[in-house]
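The next block holds one structure in the form of structure tokens; read it before the comments.
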Amino acid sequence: VFFSNQVTSWCSWSQELRNKFVFMIVDEGSPGEESAYRRYHHIGCLDIIFYAVGVDLPWNIGGARNLAFYVAPTEYVFMIDCDILVTPDIAGLSLRLLKEERAHNAKDGTRNIYIHFRRIYSNETGVARRPHPAVMLLSKQAYWMSGGCDEDFVGNYGKTDPHFKWRASRTNNVAIKHIGKKFS
């Protein structure tokens with residue numbers, strides 16, 4: 001259900017907006033013969049890079065995120081969980097933030113991690129809730145400078161995101177930016 005809702009949501013974006021993004025999914029619970037494998041899919045209106053971790057470890061959020069940031073074909077990643085939809089407005093906002101981020105980085109070298117995007121659940125389309133801790137826009141460099149996600153939290157729900165943000169907030173040249181309600 002979540003996957004089809006994501007595809008439907010992404011296909012609702014204009015072609016111009018979709019062309020500015022690379023869509024990638026990391027599934028941390030799919031069975032497979034290899035530890036991780038990549039497939040390309042053309043689904044609906046877009047191409048999706050799909051990675052599946054073949055070893056099903058409970059709550060392997062950190063491992064999935066580390067894989068995503070290792071294999072992402074772009075410098076920046078807009079990270080969401082499977083049950084969070086990104087509206088065209090939020091996608092456009094992320095592009096504006098990236099433009100500002102690139103200009104900012106050229107001046108002082110600080111890497112920003114943008115958080116507190118408004119979320120819309122894929123099973124309750126149109127219902128906005130408080131920000132979700134997993135929704136972040138950041139560079140691969142900021143992610144790895146902060147140490148990535150701690151895979152020692154495998155098997156525990158709800159520890160990965162707060163711990164990552166805590167470490168990022170204490171990392172030199174990395175800043176956490178709350179985008180706030182006025183943006184989303």
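With the Cα gyration tensor of the range 2-115 giving a ≥ b ≥ c as the square roots of its eigenvalues, does the rule (a/c under 1.5 for rounded; else a/b larger than b/c for prolate; else oblate) give rounded, prolate or oblate?
The shape class here is oblate.
By DSSP, what percent of the beta bridges with both residues in the chain are antiparallel, rounded to the nearest 5? Of the beta bridges lying entirely in the chain, close to 65 percent run antiparallel. Summary of packing: across the peptides 142-150, 67-75, the per-residue average of other C-beta atoms within 10 Å ranks them, highest first, as 142-150, 67-75. Heavy atoms of the protein chains alone define the surface here; on that basis the chain has 55 Å² accessible area per residue at 1.4 Å probe size.
Charge tally around ALA142: other residues with Cβ under 12 Å, Lys/Arg +1 each, Asp/Glu -1 each, net +3. Label zone of ARG38 (point 7 Å out along Cα→Cβ, amide N under 12 Å): in the range 65-95 this covers 68-74. If you plug the beta carbon distance of ARG170 and ILE49 into 1/(1 + (r/R0)^6) with R0 = 30 Å, you get a FRET efficiency near 0.40. The overall shape of the range 67-117, judged from the alpha-carbon gyration tensor, is oblate: a/c is not under 1.5, and a/b is no greater than b/c.
Over the chain, Cα pairs under 8 Å with separation of 6+ residues give a relative contact order of 23 percent. Counting only Cβ charges, +1 for Lys and Arg and -1 for Asp and Glu, the dipole size of the range 1-108 around its Cα centre is about 380 debye.
Summarising the label geometry, the points placed 7 Å from Cα in the beta-carbon direction at ASN105 and GLN141 lie 0.5 nm from one another. In the complete set of protein chains, residue-level accessible area for LYS20 is approximately 120 Å², probe 1.4 angstrom. Ranking GLU101, GLU151, GLU16 from most to least accessible surface, computed with a 1.4 Å probe over the protein chains only, gives GLU16, GLU151, GLU101. For LYS177, a cut-off of 22 angstrom between C-alpha atoms picks up these lysines, skipping any fewer than 8 places away in its own chain: LYS99, LYS107, LYS140, LYS159, LYS165. Rounded to the nearest 20 debye, the dipole magnitude of the chain is 960 debye, with +1 charges on Lys and Arg beta carbons, -1 on Asp and Glu beta carbons, and the Cα centre as origin.
Where Lys and Arg each count +1 and Asp and Glu each count -1, what net charge lies around ASP56 among other residues with Cβ under 12 Å from its Cβ?
Charge balance in the 12 Å sphere: -2.
Full extension of the chain between ASP81 and SER4 gives 26.3 nm of extra length, using 0.36 nm per residue less the Cα-Cα distance.
The values are calculated or read from the model by the stated rules, or taken from the named source; none is laboratory data. Because the structure is a prediction, the values reported are computed rather than measured. Note that each Cβ is placed from the backbone with ideal geometry, even for glycine, and that neighbours are counted across all protein chains shown. Surface accessibility is based on the protein's heavy atoms, side chains included, excluding ligands, DNA and RNA. Shrake-Rupley method; radii C 1.70, N 1.55, O 1.52, S 1.80 Å.
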